[in-house]
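The values are calculated or read from the model by the stated rules, or taken from the named source; none is laboratory data. Remember, it's a predicted structure, so these values are computed and weren't measured experimentally. Note: ideal-geometry Cβ built from the backbone for every residue, glycine included; neighbour counts use all protein chains shown. All accessible areas refer to the heavy atoms of the entire protein, side chains included, with ligands and DNA or RNA removed. Shrake-Rupley method; radii C 1.70, N 1.55, O 1.52, S 1.80 Å.
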Amino acid sequence: NRYLPYILLVFFPAISMSVWADEGRQGTDVLLLTIPASDWEVVFGKYLATVGIFTVALMFSCICNLIILLRWGTPDGGLFFTNYLGYWFMGLAMLAVGMVASFLTSNLTVAFILGLLLNAPLVVADQAGTVMGPAWAERVRSWSLAEQFSDFGRGVVSLSSVGYFIGIVAVCLYLAMVLIGRRHWTGRRDGPRMGVHYVLRTVGLGLAAAGAVLACRAMDVRGDLSEERISSLAPDTRRLLSGIEPARPIEIKAFVSPTVPEDYTQVRLNLLNMLR
């Protein structure tokens, strides 16, 4: 899970680079745009096609890993499911970003590079602490793919994480629809004004999506699907925490080695989950 976003950073642009760039290169985009379908239907159909390719690949990975784990022992079914659910949501977001790159050019190589560059900030934001102070790094890190995936990796499905990924998809699909529809207004006399208009609408949608994510974080709904509920607090613990006086907060500092003896691996994981 630690390295997955970096692996997908190369995998997803390879899937999405030909979504529209190849249509432009072969000249079939003109034929596609003459069918009785709206720009939204074309964009959404293309997106569903890429999601289908990724979902099938993910299913093969899921089945193979599950067979191996079942041969070794009894894996936590809930934890296994939430991990793959997180992979899928992460894929939805990164594919949508890659689609925008494909709509920007008719060159496959350029589309791949643009898809990688547009997805890179979401991936490397997790390493913000190496270039900025702790306070700002924490804010930037909270918007990274790895941070939003961390709940799924611990067996938790949270409304804020799902909203984050769906928000990226919504903004990117709208932007792709604007890019495919620019043929209607780029040659008109008011073309520049229409361009500014659509830029402002896209920015507005992005701000609305960010606001929705922040609202979900403020009143988050979380479900721990792990069999042993390793990421949940007992009712007595919740009552104890709710009784802490705000004027006298308790700060916990934990020093945990990156590697521990094999016998303590699960203890280390449970400790980190409980602190989070």
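Below, the figures for the structure above:
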read-out: Subset of the stretch 198-243 that is in contact with an Asp or Glu (Cβ under 9 Å, 6 or more places away or on another chain) and either outside any loop (DSSP other than H, G, I, E, B) or open to solvent by less than 60 Å² (accessible area, probe 1.4 Å) (or both) - its residue that is nearest to VAL100 (Cα to Cα); value: ARG222
read-out: Any hit, the stretch 255-263, residues being modelled with pLDDT of 85 or more and either under 22 Å from SER158 (Cβ atoms) or part of a helix (DSSP H, G or I) (or both); value: yes
read-out: Subset of the stretch 217-228 (residues that are more than 16 Å from SER150 (Cα to Cα) and among the hydrophobic types (A, V, I, L, M, F, W, C)); value: ALA218, MET219
read-out: Filter result for LEU225 (without any contact (Cβ under 8 Å) to a residue 24 or more places away in the chain and aliphatic (A, V, I, L, M)); value: no
read-out: Test result for GLY86, under 30 Å from ASP224 (Cα atoms), open to solvent by less than 40 Å² (accessible area, probe 1.4 Å) and in a helix (DSSP H, G or I); value: yes
read-out: Exclusive hit being closer than 28 Å to PHE44 by Cα and basic (Lys, Arg), set ARG182, ARG154, ARG139; value: ARG182
read-out: Checking PRO121 against (1) modelled with pLDDT of 85 or more; (2) of a type outside the set (Ser, Thr, Tyr); (3) open to solvent by 60 Å² or more (accessible area, probe 1.4 Å); (4) under 26 Å from ASN270 (Cα atoms), the condition it does not meet; value: (4)
read-out: Unique match (being among the β-branched types (Val, Ile, Thr) and in contact with a Phe, Trp or Tyr (Cβ under 6 Å, 6 or more places away or on another chain)) among VAL178, VAL203; value: VAL178
read-out: Given (1) assigned to a loop (DSSP other than H, G, I, E, B); (2) closer than 30 Å to ASP224 by Cβ; (3) β-branched (Val, Ile, Thr), number of the condition ILE67 does not satisfy; value: (1)
read-out: Any hit, the stretch 131-147, residues being aromatic (Phe, Trp, Tyr), open to solvent by 40 Å² or more (accessible area, probe 1.4 Å), farther than 23 Å from ASP224 by Cβ and modelled with pLDDT under 90; value: yes
read-out: Some residue of the stretch 238-260 being over 30 Å from VAL30 (Cβ atoms), in contact with a helix residue (DSSP H, G or I) (Cβ under 9 Å, 6 or more places away or on another chain), among the small types (Gly, Ala, Ser) and touching a residue at least 24 places away in the same chain (Cβ under 8 Å); value: no
read-out: All helices (runs of 4 or more DSSP H) inside the stretch 95-186 with 3 or more residues being touching a residue at least 24 places away in the same chain (Cβ under 8 Å); value: 108-124, 145-153, 159-181
